[in-house]
Amino acid sequence: MIQLEKVSKRFEGKRVVTALDSVDLSITKGEMVSLVGASGSGKSTMLNLIGGLDTPSSGQITIDGERLSGLADDDLTRVRRDKIGFIFQFFNLLPTLTCVENVSLPLHLRGWSRKKAEARSRELLDLVKLGHRMEHQPDELSGGERQRVAIARALSINPPILLGDEPTGNLDSTTGAEILSLIHDVHRTMGSTILIVTHDRGVAESCQRTIRLKDGKIIGDERRSTAA
Amino acid sequence: MTLLRLISFQYVRKHKLRWLLTLAGIVLGVAVFVGMHTANQSVLRAFHQTIDRIAGTTQLQVSAGEAGFPEEALETVQNSPDIRVAVPVIEASVNPGRGNLLLLGVDMTGDRSLRDYDLENNNDDAIDDPLVFLAQPDSLLVTRIFANAYGLKIGDKLPMATMAGPRDFVVRGIMQSGGLASAFGGNLAVMDIYAAQKLLGRGRRFDRIDIAVREGVRVEDAQANLQKLLGTGYLVESPGARGQQFESTAQIYSLVSSITSMFALFVGMFLIYNTFEIAVSQRRSEIGILRALGATRSQIRTLFLGESVVAGLVGSVLGIAFGLLLARGIAAYVGTMLSEVYGVAQNVEDVAAEPWLLAAALFVGTLTSVLAALIPARDASRVDPVKALQKGKLQLIGQGENMRRRIGAIVLFALALGCMSMSYIRPLFYLGYLLAIMAAVLFAPTACNWVTRTLRPLMKWLRPVEGALAADSLIESPRRTSGTVTALMLSLALVIALGGVARSSYKSIQDWLVIALSPDLFVTTNESLTSRSFVFPPEIGDGIATIPGIDLVQMVRTVRINVRNTPVMLVCTDIASVARKIHLPPREGDPDTMYQEAAKGKGVIVSDNFALLRKYKLGDIIELPAPDGPLRMPILGIVIDYSDQQGSILLDRELYIKHWKDTTVNVFRVYLQNPTFEPSVRAKIQEMYGGRTRLFVFTNQDLRAYILKLTDQWFGLTYVQIAVAVLVAILGIVNTLTVSISDRKRELGVLQAVGGLRNQIRGTIWMEALAIGFTGLVLGLVVGAIQLYYTLEISRTDVAGLRLDYQYPINIAAVLLPVILGAAWISALGPAESAVRGSLVEALEYE
C-alpha cells in the first residue's frame, strides 16, 4: 500500500539539513503503524512526503500503486484527495464553517452535490458521535470534539490511507484515549491503512507496528501480533 | 529611533510589497495634489509671462473690454500731460495653419520706446524707419523659435486667411530669443497695427493703449487722472492687473482641482489606514514581546507614528515626482480648454511647481500619513501583552467600537440633514457636505459587513467551498477589508457625482440646443467657434440676406465684458427677430413682454446661471461697462441659456452699436425658408465671399456636434476619476489580499491538504477580491447619490450657476460594474498565484 525506496529529504539553506536519509519502507494494506522518534528525527517529514504535502529530494514513493515522483502539483493533489485522509494535531478545522460544512469540504472539492455531501457528512458525524453538534462551529466545541470532526472529515472520502500527525497530542489523556479508540474502530470497521506520528508511548504501542526513526534513518521496526 | 531601526526597518525589509502599497496610497494623493495645482499654476504663470513680456516697459494700459474702442481715444490719451508715450495695440490669437500664433499689431512710430524687438544680425533697419515698415503692410516680424519651427527666413512668405481674403505676409525681421520674443512660448508675430486691423476685420478700433508716464509723474496719479479723463467705460490699469481676469476664468479649474486632489488625499489616507491597521494586527505578537520586555504604551504609539512619518516623507517625495509628470499632461489639457472656450492667449512652455507647493505637498502627504496612522497606533499601544503572546485568531473590531461608530454616523448624518435645511448659509452647506461624507465613512465598516453577509449565500451557492470561505474571510476580518472598501467607496462616489453632473448637464444642454440652436446655418470667421479674434463687417450679413431661399439673417456680436469683476458674455443681436425664432425657457419674467421691451432697448435679458452666480434678480439694475460710460439697464427677464459658462447678457444690437460704436459681427445666424435649401445656400455664401474674406459656414448639425464635443471635454474629468478609482481598487485590493493570504495561510493549506486543486485555491482568492470590489461598488453607488446632490448644489450656487436636474448616472454605474470587478479580478491574480505557490507544509504549521 505504501512503499518508500531510498527516500531522502534535504532542506537547503545556509547549511543543508538532511531530514530523511535514504529510507526504505513498506507498509501493507490494512496495517496500523506508529512512527516514533525524538523531535527532528524526520517522522513528520516522512508523513508529509507520504501524504504528498511535500516532495522528496531523491528516491521513490508509491501510494496504492501510484508513483508520486514526477507528478504535477494538481496530480499530487488528486492522489491526496482520492487516497489519503489527514488528521492533524491542531485539528485544522476552518473556524468559520460549521461541523457539517467542515466535513463536507473535501466532498465539495471533489464536486459532490450539496445534498449528497451533506448527507454523507451527517452520517459521518453520527458515526463519530457528534450528531448533536452538526451546526456548531469549531470554537463552540471541546478539543476532543474538534478532533472527532477532523476524523470525520478525513473519513469523508472513504480513503484507503489515514495519516495522523500527533492526533492526540493536543488533548488531555482521557480525551486522547477516546480519540485513539475511535481511530481503532475506524481501522477495524473500514480496514484502512493507518500511519500515526506520535510521541505518546501508549498510542505507539496500541498499533500493530512501530517504526522508530533517528536522524532521518529507521533504527527500529517492531511488529506486534495484536493491536491494543 | 533605535526601535524604529531595530523593529520597523526589519519589518519593512520583510514586507517590501506591503510597504510599497502603503507608499502608493500617499503617492496617489500627493501626485494628484501636485499635478493639478502645478498645472494650474503653470497655466497662470504662462499667461502672466506672456503679459509681462509683451508689456515691455509699459506702465499703464487702457482698455475697454474685448470689443476694444474707437481710435479717437488714442488722441485723448496722448494729449494728457502725464503721458510720455501712448501707443495703440491689437492683440489676437490666430491660427495660420501652424498652431496658435499670438499676433501683435503695433504702431512702430512709437512702440519701440516701450518694447525692444531685438532683431537678429543688427537687422533693425527693417524697422529703423517705421515708415518703411508701414509702407509695406505685409511686413511681419517673427521670433527665432517660430522661424525655426516652420523653417522661415527673412523674405519668406507666410500665407494667412484674413478678413480681406487670403494674403501672403513677408518675414522682414526675426527677433532674437528672450524678452518679448519668448512671450506665448515664442509663437509670436508682430505687424503694423493698421495691417492688423485689416487682417482681423477690426475696422478703426484698437484693443488697448500701452502707456509710459512722464518722468516725475507718479504712475498712480497718471492712472487716476487718465481714468477721470476717459470715464468709467474705460479701464486704466497696470499690465499685471490684466492677469486677474484670467485668474477668475481659471478659478473654476482651481476649485475642481482642489476638490479632486483633496479627495485623492482622503482616499489615499484610507489606503494608508488600512495598511497600518493590518500591520498592527499582524505584529501583535511582536508588540506583545516589546511590551513584555518593558516598552511603554507611548513608545509603541511613537514607533508606529514614526513609521508613518517615514512612509509619509518617502511617499510624498515620490508623489511630487509623479505629480510633476502628471502636471505636463493636465497643463496641456487645461491650456487647450481655456484657449478653446475663452480664446485666452497663453502657451504653457514651462511646467514647474512653486517651492511652497512642493513644501505644502511634503507637509500634506506626511500629515495625511500620520493622521491615517493615529488610530492604528492607538490600537497598537492598547495591545494586551498577555493576549498578544497567546495563539489565536486575529483581533476583530470590538462590538463596542462598532456601535460607537454607528451612533457617530447617525449623529453626523442627522447634523448633515440639519445643515442641508439651512444650505442658504454657505458655510453651513459645506459643513453639512463634510458631515455627510464623514457619516458615510464611519458607517462604511458596518455597511461593508452587511453587504458581505448578504453576499455569502450567493457566493456559497455559486461555489460551495471557495465562495463560502471568501465571504467568511471578509466577514471575519473587517479591519483588513473596511479601509479598502471605504477608499473605493469614496473614489467611486466622486465618479458618480461627476458622472451625474455630466449626465444632467448633457441632458440640459441637449434640451437647450433644440430650442436655442434653431438657425439652419452659422457663418463665422473662425473654425474654432469660440474664437473672437476676427470679426465681420455688417455688410456681409446684408449681402447674405439677398441670397434667394434665405428667410432671415441675424447679426450677432459677442464680446466678453466685466460685470462685478467677472468676465461674462454680452450677446448683442436684433432681439425682435430672436423673439420670432427662439423661445428660450424663461426662469423669471413674462416671456412675451421681456423680448418686446428688450427689443426696444429698455433693458436686458440675462441667463439663469449669470443671475444665480452674480446674485441678480428680476428687475435689478445691471451696470454694463460701455466705452462711453456705464450703461445701466434693468433685468427684464431671466432665461435658461448655456451659451457661456460664466453667464450671458442679451442686449439689443442697436443699443450695443450706439454705446460701443462697434458695428462688427462675429456670427451670422441664417434661417432658411426651407431646410432643403441648405446645400445651395451654403454653396452660394462660399461663392460670394469665400475668396474675398475669411469665412466658415457651419450647418446646424455641425454646431451641435461642436458644442457637445466641448461639453464632453469639460467632463473628461469623470474619466480621469474612473481611472483613479480603478487604481484605488487595485492598490487597496492587492494590499488586502496580500494580508488575507498571509492570515489565511493555514486555511488555504488545509484546503489544499484535503484535496483543493490550485484553481480552487485561486478561485477563493478571486472571489474574495470580487466581493471586496462589489462591496466597494455598492457603497460607492449609494454614497455617490449623496455626493451627487452636493456636487449639483455646488455647481448651481458656487461654480457654474447651472440648475441641473438630479439624474443618477445609471450608465456610468453600469460601466463601473464590469470595470471595478475586472480591476478586482486583475488585482487578485498576483496574490492568488502567491497563495498556490507557497509551501504546503509551512502553511499547515503556520501560527
>> Buried by at least 20 Å² relative to the chain on its own: which residues of the range A:111-160 qualify, computing accessible area with a 1.4 Å probe on protein heavy atoms?
In response: A:114, A:153
> How big is the equivalent ellipsoid of the range B:726-804 along its three axes, where each semi-axis is √(5λ) from the Cα gyration tensor, reported in whole Å from largest to smallest?
Replying inline: 43, 11, 8
>> Can you list the residues in the range B:453-472 whose accessible area drops by at least 10 Å² when all protein chains are present, compared with the chain alone? Use a 1.4 Å probe, heavy atoms only.
In response: B:456, B:460, B:461, B:464, B:465, B:469, B:472
>> Suppose each label sits 7 Å from its Cα in the direction of the beta carbon; what would the residue B:177-residue B:52 distance come out to in nanometres?
In response: 1.9 nm
> In whole Hz, what ³J(HN,Hα) sequence does the range B:161-177 give by Karplus (6.51, -1.76, 1.60; θ = phi - 60°), x for Gly and Pro?
Replying inline: 7, 10, 6, 9, x, x, 9, 9, 9, 10, 6, 10, x, 10, 7, 5, 5
> Per residue, what accessible area does the range B:60-237 have, given a 1.4 Å probe and all protein chains present, in Å²?
Replying inline: 40 Å²
>> Threshold 30 Å², probe 1.4 Å: give the residues of the range A:77-96, in number order, that are less accessible with all protein chains present than with their chain alone.
In response: A:77, A:80, A:81, A:88, A:90, A:92, A:94, A:96
>> With every protein chain left in place and a probe of 1.4 Å, what is the accessible surface of residue B:42, to the nearest 10 Å²?
In response: 0 Å²
> In debye to the nearest 20, how big a dipole does the protein assembly as shown give about its Cα centre with +1 on each Lys and Arg Cβ and -1 on each Asp and Glu Cβ?
Replying inline: 3760 debye
> Counting other Cβ atoms within 10 Å, which GluC sites (Glu not before Pro) in the range A:53-139 have at most 10 and lie in a DSSP loop?
Replying inline: A:135
> Which helices pass in chain B if a helix is a full DSSP H run, must span at least 27 angstrom along its long axis by Cα, and must have mean Kyte-Doolittle hydropathy not below 1.0?
Replying inline: B:297-342, B:355-381, B:716-743, B:810-837
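Let's see if you can work this out: charge +1 on each Lys and Arg Cβ, -1 on each Asp and Glu Cβ, no other charges. What is the dipole magnitude of chain B about its Cα centre, in debye to the nearest 20? Kindly include the intermediate steps, with their values, before the conclusion.
Numbers: 79 positive and 74 negative charges, 804 e Å.
In debye, rounded to 20, chain B gives about 3860.
How many square angstrom of accessible surface are buried between A and B, both sides summed, with a 1.4 Å probe and rounding to 100?
Working: alone 11040 and 34780 Å², together 43460 Å².
Buried: approximately 2400 Å² between B and A.
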>> Within the range B:60-237, what whole-number % of the accessible surface is contributed by carbon and sulfur, with the 1.4 Å probe and all protein chains included in the calculation?
In response: 48 percent
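Over the range B:60-237, what relative contact order in percent results from Cα pairs under 8 Å that are six or more residues apart?
38 percent
Taking only the Cα atoms of chain B, how large is their convex hull per residue, in Å³? It would help to have the intermediate numbers written out before the result.
Values: hull volume 172.7 nm³, N = 847.
Measuring per residue, one finds 204 Å³ for the Cα hull of chain B.
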> What is the gain in length, in nm to one decimal, between residue B:262 and residue B:808 on full extension, counting 0.36 nm per residue of separation less the C-alpha to C-alpha distance?
Replying inline: 194.2 nm
>> Just to compare against my own numbers: the Cα pair-distance distribution for the protein assembly as shown, 10 Å bins, whole % per bin, please.
In response: 2, 9, 15, 16, 14, 11, 9, 8, 7, 5, 3, 1, 0, 0
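Under 20 Å between C-alpha atoms is the cut-off here; go through the range B:535-693 and count lysine pairs that meet it, provided they're at least eight residues apart or on different chains. Walk me through the numbers before you get to the answer.
On the way: B:581/B:600; B:600/B:658; B:600/B:661; B:602/B:617; B:602/B:658; B:602/B:661.
Lysine pairs satisfying the spacing and distance rule in the range B:535-693 number 6.
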> List the lysines whose alpha-carbon lies under 30 Å from that of residue B:460, not counting same-chain residues fewer than 8 positions away?
Replying inline: A:83, A:115, A:116, A:129, B:391, B:393, B:745
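Top to bottom by accessible area (1.4 Å), largest first, where do B:790, B:642 land? Don't skip to the end; give the middle numbers.
Numbers: B:790 5, B:642 45 Å².
Largest to smallest exposure gives the sequence B:642, B:790.
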> Once Lys and Arg get +1 and Asp and Glu get -1 on their Cβ, which of B:815, B:110, B:484 lies farthest toward the positive end of the dipole of chain B?
Replying inline: B:484
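At a 1.4 Å probe radius, carbon and sulfur cover how many percent of the accessible area of the range B:535-693?
Values: 3350 of 6490 Å².
Solvent-exposed carbon and sulfur of the range B:535-693 make up 52 percent of the total.
Per residue, how much accessible surface does the range B:568-659 expose to a 1.4 Å probe? Answer in Å², no decimals. Before the final figure, lay out each step's value.
Details: 3570 Å² over 92 residues.
For the range B:568-659, the per-residue accessible area is 39 Å².
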> Using unit Cβ charges (K, R positive; D, E negative) and no other charged atoms, how large, in debye to the nearest 20, is the dipole of the range B:60-237 about its Cα centre?
Replying inline: 500 debye
> Of all accessible surface on chain A at a 1.4 Å probe, what whole percent is carbon and sulfur?
Replying inline: 47 percent
> Counting partner chain Cβ atoms within 10 Å of every residue's Cβ in B:111-117, what's the average?
Replying inline: 0
> Extension gain residue B:712-residue B:410, at 0.36 nm per residue separation less the Cα-Cα distance, in nm?
Replying inline: 104.9 nm
>> Quick check: the angle from helix A:173-190's long axis to the longest principal axis of chain A, C-alpha only, nearest 10 degrees?
In response: 90 degrees
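Below 13 angstrom from the Cβ of residue A:149, what's the summed charge of the other residues (Lys, Arg +1; Asp, Glu -1)? The partial results should precede the final answer.
Working: positive: A:122, A:129, A:133, A:146, A:148, A:153; negative: A:101, A:126, A:135, A:139, A:140, A:145.
Here the charged neighbours net out to 0.
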> For the residue pair residue A:15 and residue B:564, what label-to-label distance in nm results when each label sits 7 Å from Cα along the Cα-to-beta-carbon direction?
Replying inline: 8.5 nm
>> Using all alpha carbons of the range B:535-693, what is the percent of pairwise distances in each 10 Å bin, ordered from the shortest bin to the longest?
In response: 10, 38, 32, 16, 4
>> If you take each beta carbon of peptide B:745-751 and count the beta carbons of other chains within 10 angstrom, what is the mean?
In response: 4
>> In the range B:535-693, if the dipole is taken from +1 on Lys/Arg beta carbons and -1 on Asp/Glu beta carbons about the Cα centre, which of B:686, B:675, B:593 is farthest to the positive end?
In response: B:686
> Taking the range B:60-237, how much of its Cα-Cα pair set, in percent, is spaced more than 23 angstrom apart?
Replying inline: 42 percent
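The values are calculated or read from the model by the stated rules, or taken from the named source; none is laboratory data. Just so it is clear, the structure is predicted and the values come from calculations on it, not from any experiment. Neighbour counts are summed over all protein chains in view; Cβ atoms, including those assigned to glycine, are modelled from backbone coordinates with ideal geometry. Accessible surface is based on the protein model in full, side chains and every heavy atom, while ligands, DNA and RNA are left aside. Shrake-Rupley method; radii C 1.70, N 1.55, O 1.52, S 1.80 Å.
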